[in-house]
There are 4 protein chains.
Amino acid sequence: MEHRYRLLLSCPDRVGIVSMVSNFISSHGGSIADANQHSDPTTGWFFMRVEIFAESLPFSLERLREQFAPIAQSFQMEWQITDSARPKRVVLMASREAHCLADLLYRYHADELDCEIPCVISNHDALRSMVEWHEIPYYHVPVETADKQPHFDRVLQLVRDHEADVVVLARYMQILPEALCELYPHRIINIHHSFLPSFAGAKPYHQAHERGVKLIGATCHYVTQELDAGPIIDQEVTRISHRDMPEEMVRLGRDVEKTCLARGLRWHLEDRILVHGNKTVVFN
Amino acid sequence: MEHRYRLLLSCPDRVGIVSMVSNFISSHGGSIADANQHSDPTTGWFFMRVEIFAESLPFSLERLREQFAPIAQSFQMEWQITDSARPKRVVLMASREAHCLADLLYRYHADELDCEIPCVISNHDALRSMVEWHEIPYYHVPVETADKQPHFDRVLQLVRDHEADVVVLARYMQILPEALCELYPHRIINIHHSFLPSFAGAKPYHQAHERGVKLIGATCHYVTQELDAGPIIDQEVTRISHRDMPEEMVRLGRDVEKTCLARGLRWHLEDRILVHGNKTVVFN
Amino acid sequence: MEHRYRLLLSCPDRVGIVSMVSNFISSHGGSIADANQHSDPTTGWFFMRVEIFAESLPFSLERLREQFAPIAQSFQMEWQITDSARPKRVVLMASREAHCLADLLYRYHADELDCEIPCVISNHDALRSMVEWHEIPYYHVPVETADKQPHFDRVLQLVRDHEADVVVLARYMQILPEALCELYPHRIINIHHSFLPSFAGAKPYHQAHERGVKLIGATCHYVTQELDAGPIIDQEVTRISHRDMPEEMVRLGRDVEKTCLARGLRWHLEDRILVHGNKTVVFN
Amino acid sequence: MEHRYRLLLSCPDRVGIVSMVSNFISSHGGSIADANQHSDPTTGWFFMRVEIFAESLPFSLERLREQFAPIAQSFQMEWQITDSARPKRVVLMASREAHCLADLLYRYHADELDCEIPCVISNHDALRSMVEWHEIPYYHVPVETADKQPHFDRVLQLVRDHEADVVVLARYMQILPEALCELYPHRIINIHHSFLPSFAGAKPYHQAHERGVKLIGATCHYVTQELDAGPIIDQEVTRISHRDMPEEMVRLGRDVEKTCLARGLRWHLEDRILVHGNKTVVFN
């Protein structure tokens, strides 16, 4: 992958945004590698993503940001420019279940995920050897049921110490405190093992079995203060039948969960996701 | 399709059911065309479906039922034997939306649905010419918002007069009164335009758009007194994106709804569905 | 849908295309409703589609084309500008099988396909009443096995007389002569009842049964002189099992064929498809 | 999973097979856990799979086989009875690509695959540390392009020494010699990285890109002497677009390949697959 800058922006829709942005880029000799726009008629909001060949521009990322800032301001944009040469730092959190963590680590190993993984944090010690085989530090931070705050304090400290850009809850079975969620808006990604909004909360496969559904699913979403209600990034389902008891659904669900989480994380790492209100725009 | 008898049964699980049933059949020279069993460990219930080549048996359907009754009784079976040569009578109900009705009528026309359709009932007159082109009687039974009971009385009378085996709600947008539901247990099939239990009730596509889901779906289920909560026969989903506004979701949803309803009805017509509690066993 | 102009273009990739095009539009006050770009690194070719709100421009379609022509020339573009207010004219061709034709007519009736259907041409008379119920002229043009040319001459004349923009082969089972294909490049759409390139030629479901595949499919493609080898627009598959004999595969395949054809046609009608060499770029 | 015997049989179809088999089982007090039948009208062949609770029978596996042999003979059955308590021994073969091997090892680790893996054989040393982390012996058996026979001789010896029931080619990129294929009929499982019969042979993703298909796939099949032409166990596809260059297709294809191979192997381990001619019956 060549070196690219990625511009993500959203703002109230009006005439001339695309033209102003592409003009700005070409006036500096910049070459557009990829561009996407979306205009949402229900909210009147405009979304855009542009990838620019970094070499085609005569200045640095910082200078690019400076130059673009006045345009952004005049359109009241929420915006960011990232650099493909600076991979995001992803802290993974897990509990006892290995499938999502193993899958992400494998993909990382196979260069499918363009990121750095400075550490894995878990409330159990079960997955240590797998993680350490990948030469990634593993922090076992137990949870005391009586008082979970020390656990979360330590987690936050580790996340900060490792300068995480993103935190991925790879079947980390604890509910994060609101305060922690607020510190990382749209930067904590969770995989919920149901097709939300069906079966939010605990034991979704057992709920699904109880209801007798014919498809089960998983939902990759950003974590917000409201449990299982954050902006949905991706969803995936698989077919089941009357023969599938909850254990079988758990097994089949694992494949759906890991596929869905890996895809959502990949989109996040490639700066393909914009959030507006409680919904995502995914330029994929 | 050769002439076949279809035996459907369910009962508490115990040793020897399959053997007793297959023995009974072969002792009369009966040849099994197809057979399925399922034993549910969570409920301890056993389910079986057998198709027998009718010509291989030396007696009539009535005699077959008489002969089988003692076995059924000894195992406390819920059971039925149907005859593939006697197509079920399906009364279709619709409102103003054509897609499910048009799809079922086309499949009926193309011999994909082994049934008779004695009539179509609608609370609007909009779909009359399409139905009458198929030479099927069309009854327009308007609904008075102030008092819906006369509508339902007339519907029930028509369903009875046409000796319906099954009633299909092909996007008939009224909620059937409990009394009517109870008269036709597991014989009224509805298509709900969401992936239940998500978005039960009205305007599911708008609910789905509001929540920002990435897949939308449809659910084919038997109607019970509790709205949108009956045993699920089949479900289907399709992928959407941020570009899809509710109208687009309605359009994409139509294909999912009609596919799902047609499949569910087909299974019902072929006696492939057993209901136990609020769940279905589908031998397909 | 508001009134829009749709600009489709492709050309050798180089710096400044997006900027030049969006600049041209905004310099005339034009407002971009939707835009997509694609740059193919293997061919060095660039593709773009822009929808412009027609009311935002101060001149007519003809004037827009005139104004854009110099830009197009300077970039050596293949290009077209169409008007959403002028629906394409689609001539449908069928044989004896109803499913694709019935599906397209239903979608046309339900305003899912933004087009006009001036006539249906068939080498059989079987589908006349269905077509005429939709108040569309039906031409029965029989084929003589000994000499098919008179049939094709008459077909071409009808297609011309009805000023077709597109011809859709909705399971029209004849092979068009090369000369006819050449007259309508990328304007004749066929549905092939297999997942090409598997099972090209005749009786694909029987070939699929013979090989024992576990998925069957359909392919919507533009017709070229080489049989079943034109640019692929869309493909779709469905799962089958050992229980499915060829007749069952034909039935299941029908749903795949009609979905795939309708989707491909819809993309064509919305000017979402660009062809380069033997491949399509679909901006959907 | 309770202890079960699994009876697999196929024979010319005739009256009384199910009854004879189920009678035999129940006459010894045997309790049927699961049973499936299939009768193929095109070949006149009958297929059956029965799972029996082992504890319900008064004798051992050997005695069960002895007792059943006369019945099998009288119906000219091809048959086998296996014991769920004796997991199959699976020798995995790989080359340099990790994804299928890593996936199978992870599933093995997570108890999703009921088998033993006595060793992994590869013509490269690249995957050694991953395999050894799982505490499974790794044999690096290089291939000399000039003369591959010594490689295959060593492979066969290792497969024999480890008493393999099944050999899985998890992206092992060599073509096995005919003689070796014949020694393990329906016991060597391969994953081919295309939707066969499309793109058999080398570099299927490049072939697919060249042709411009819109779905790519993978095929899990038993290896026979004829390359890529053995009985198909399972197939899977995923959607691609014009944006996906061959490298992207390789990445997306990996997920399809590993899912498809794991599912096929699982069915084999659970004795769910019967082969007749060049086709499989899969009772899943």
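Summary for B:R243: label point 7 Å along Cα→Cβ; distances to the equivalent points in the other copies, ascending, 1.0, 3.8, 3.9 nm. Just the protein heavy atoms count here, and of the accessible area of segment D:4-83 at 1.4 Å, carbon and sulfur take up 50 percent.
Positive contributions from Lys and Arg (+1) and negative ones from Asp and Glu (-1), summed over other residues with Cβ under 14 Å from the Cβ of D:P87, come out at -2.
Starting from 0.36 nm per residue, how many nanometres of slack lie between A:A85 and A:R239 once their C-alpha separation is accounted for?
Between A:A85 and A:R239, full extension yields an extra 51.5 nm.
For D:P177, inter-copy separations between label points set 7 Å beyond Cα along the Cβ vector come to 5.7, 6.9, 8.3 nm, shortest first.
Taking amide H as placed 1.01 Å from N in the peptide plane, the amide H of A:R89 sits under 5 Å from that of A:E116, A:D165, A:V166, each at least 5 places away or on another chain.
Ligands, DNA and RNA left out, the 1.4 Å accessible surface of segment A:156-223 is 53% carbon and sulfur atoms.
Working note: 222 nm ellipticity from helices only, DSSP H runs with n ≥ 4, each -39,500 (n - 2.57), summed and divided by the residues of chain B, gives -10000 deg cm²/dmol to the nearest 500.
Cα extents for the protein assembly as shown along the principal axes, largest to smallest and rounded to whole angstrom: 88, 71, 69.
How charged is the neighbourhood of C:M77? Take every other residue with its Cβ under 14 Å from the Cβ of C:M77, and add Lys/Arg as +1 and Asp/Glu as -1.
Net charge in that neighbourhood comes out at +1.
For segment C:33-147, the share of alpha carbon pairs falling in successive 5 Å distance bins from zero is 2, 8, 14, 14, 11, 10, 11, 12, 11, 6, 1, 0 percent. Close amide H partners of D:V141, meaning residues 5 or more places away or on another chain with modelled amide H under 5 Å apart, are D:S122, D:N123, D:H124. Coupling constants for segment C:269-283 follow from the phi torsions by the Karplus curve (6.51 cos²θ - 1.76 cosθ + 1.60, θ = phi - 60°), and in residue order they are 5, 8, 6, 9, 10, 10, 10, 9, x, 9, 10, 10, 10, 10, 8 Hz; glycine and proline get x.
Most simply put, the protein assembly as shown has about 70% antiparallel DSSP beta bridges, counting only bridges with both residues inside it.
Taking every DSSP beta bridge that has both ends in chain D, the antiparallel portion is near 70%.
Note: relative contact order over chain D, using C-alpha pairs below 8 Å and six or more positions apart, is 15 percent.
Placing unit charges on the Cβ atoms only, positive for Lys and Arg and negative for Asp and Glu, gives chain B a dipole magnitude near 500 debye about its Cα centre. Normalised per residue, the accessible area of chain C is 40 Å², obtained with a 1.4 Å probe and no contribution from ligands, DNA or RNA.
Beyond 15 Å, how much of the Cα-Cα pair distribution for segment A:103-207 remains, as a whole percent?
So the pairs more than 15 Å apart make up 69 percent of the total in segment A:103-207.
Geometric descriptor of segment B:175-284, per residue, is 93 Å³ (volume of the convex hull of the Cα atoms).
Normalised by the empirical 2.2 N^0.38 Å for globular proteins, what value does the Cα Rg of chain D take? Don't skip to the end; give the middle numbers.
Working: Rg = 20.5 Å, N = 284, 2.2 N^0.38 = 18.8 Å.
Ratio of Rg to 2.2 N^0.38 Å for chain D: 1.09.
Segment D:234-267 and segment B:6-63 have Cα centres spaced 41 Å apart.
Legend: mean number of C-beta atoms from other chains within 10 angstrom of residue C-beta atoms, peptide C:233-240, equals 4. Around the Cα centre of the protein assembly as shown, unit charges on the Cβ atoms of Lys, Arg, Asp and Glu (plus for the first two, minus for the last two) sum to a dipole of about 0 debye. I want to check the label-to-label distance for B:I175 and B:V15. Put each point 7 Å from Cα in the C-beta direction and report it in nm to one decimal. About 5.1 nm, to one decimal. Each residue of segment B:179-187 is assigned a 3J(HN,Hα), and the resulting list reads 4, 5, 4, 5, 6, 10, x, 6, 10 Hz, derived from the Karplus form 6.51 cos²θ - 1.76 cosθ + 1.60 (θ = phi - 60°), x at Gly and Pro. Charged neighbours of A:H209, selected by a Cβ distance under 14 Å, balance to +1 (K, R count +1; D, E count -1). Close amide H contacts of C:A33 (hydrogens built in the peptide plane, cut-off under 5 Å, sequence separation of 5 or more or a different chain): C:E51, C:I52, C:F53. Using only the C-alpha atoms, the convex hull of segment D:4-83 corresponds to 75 Å³ per residue.
Pairing chain A with chain C buries about 1100 Å² of accessible area. This figure sums both sides and uses a 1.4 Å probe. Can you pull out the GluC sites (Glu not before Pro) in segment D:216-260 whose DSSP state is coil and whose Cβ has at most 11 other Cβ atoms within 10 Å? Loop-located and lightly packed - D:E226. Working note: Karplus 6.51/-1.76/1.60 with θ = phi - 60° gives segment D:158-171 the couplings 5, 4, 5, 4, 8, 6, 5, 8, 9, 10, 10, 8, 8, 6 Hz, where Gly and Pro are set to x. Once C-alpha pairs closer than 8 Å and six or more residues apart are averaged by separation and normalised to the residue number of segment C:112-233, the relative contact order reads 18 percent.
The values are calculated or read from the model by the stated rules, or taken from the named source; none is laboratory data. Because the structure is a prediction, the values reported are computed rather than measured. Glycine gets a Cβ as well: all are built from the backbone with ideal geometry, and neighbour counts include every protein chain shown. We work out accessible area using only protein heavy atoms, side chains counted, and drop any ligands, DNA or RNA first. Shrake-Rupley method; radii C 1.70, N 1.55, O 1.52, S 1.80 Å.
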